[in-house]
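Reading through the structure tokens given below for one structure.
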Ligand SMILES: Nc1ncnc2c1ncn2[C@@H]1O[C@H](COP(=O)(O)OP(=O)(O)OP(=O)(O)O)[C@@H](O)[C@H]1O
Ligand SMILES: [Mg+2]
């Protein structure tokens, strides 16, 4: 097996200065993820699932611990990597899917979806053809492909979001409740795509509103447990 990610002793603290409190969503998370492995992250609301994913993605810096990502170019500690390297890894090797589309004004759905392919140098018409194929796969109506997603329904936006996030197989994929606003058809399309990515070696960590959807893909589960608010002397 080829290791993709090693998380060791990862801890996150939010300093809530206005309350004189610290919040410790998680204190000592360790696990290893191999190529093609699927890890389910579970726990009650507010326990720190999204925070853990964001810390691995380096949207947040951890309080302690290491996040060693074995990229195509060697091992990198994401907790300490330079921003410029994190940006490149996000383009080429690490994907993050949330429930929300970051739709920009006056950019067509098909352009938003094609963008990751364009960025790696795929010819424009080829990228657009593939983008349309994925929009169709996730059930976005053909009349909407050239429209601007800022006015789309929540579910339609999410379908565009998924098409964009999953168009390019990456080495590591982080998923934060990607099915929350999807109809049954789109949920099935998503699960098919995840199974396909997994069979091509993509390692995944996911939080799912309906874990039953992905039951057959799960290799391992991590349960995050709630902790108390810790007061801090100020
Ligand atoms: N930027 C932040 N600053 C301060 N506190 C935060 C921040 N982000 C999250 N938190 C707090 O950290 C805790 C964990 O939040 P998080 O969003 O990770 O939970 P979750 O497990 O994903 O919950 P849910 O199931 O509702 O999505 C919450 O109490 C939240 O209020
Ligand atoms: Mg969450």
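With everything on Cα atoms, drop me the angle between helix 154-166 and the longest principal axis of the chain, reported from 0 to 90° to the nearest 10. In the chain, helix 154-166 runs at an angle near 90 degrees to the longest axis.
The equivalent ellipsoid of the chain has semi-axes of 31, 20, 18 Å, largest first, where each one is the square root of 5 times an eigenvalue of the Cα gyration tensor.
Taking 0.36 nm per residue of separation and subtracting the current Cα-Cα distance, fully stretching the chain between residue 119 and residue 142 would add 5.9 nm. Sorting the segments 164-173, 15-24 by their mean number of nearby beta carbons within 10 angstrom, highest to lowest, gives 164-173, 15-24.
Taking N as the residue count of region 100-169, its C-alpha radius of gyration divided by 2.2 N^0.38 Å amounts to 0.97. With helices as the sole contributors, the chain gives -9500 deg cm²/dmol at 222 nm; each DSSP H run of n ≥ 4 counts as -39500 (n - 2.57), and the sum is divided by every residue. Convex hull volume of the C-alpha atoms in region 96-234, normalised per residue: 164 Å³. Exposure proxy for 85, 196, 176: other Cβ atoms within 10 Å of each Cβ, ordered fewest to most, give 196, 85, 176.
For region 16-84, the alpha carbon positions stretch 43, 28, 18 Å along the principal axes, listed from largest to smallest.
Here, region 155-234 is characterised by an Rg to Rh ratio of 1.10, where Rg is the alpha-carbon radius of gyration and Rh the Kirkwood radius. Take the Cβ atoms of residue 32 and residue 102, set R0 to 41 Å, and the FRET efficiency comes out at 0.85.
Expressed per residue, the C-alpha convex hull volume of region 1-136 stands at 170 Å³. If R0 equals 30 Å, the separation of the Cβ atoms of residue 19 and residue 85 corresponds to a calculated FRET efficiency of about 0.30.
Annotation: Cα Rg of region 1-50 relative to the compact-globule expectation 2.2 N^0.38 Å equals 1.46. Within the chain, antiparallel bridges make up roughly 55 percent of the DSSP beta bridges whose residues both belong there.
Every number in this text was worked out from the coordinates using simple rules, so none of it is lab data. Remember, it's a predicted structure, so these values are computed and weren't measured experimentally. Cβ sites come from the backbone with ideal geometry, for glycine too, and all protein chains shown count toward neighbours.
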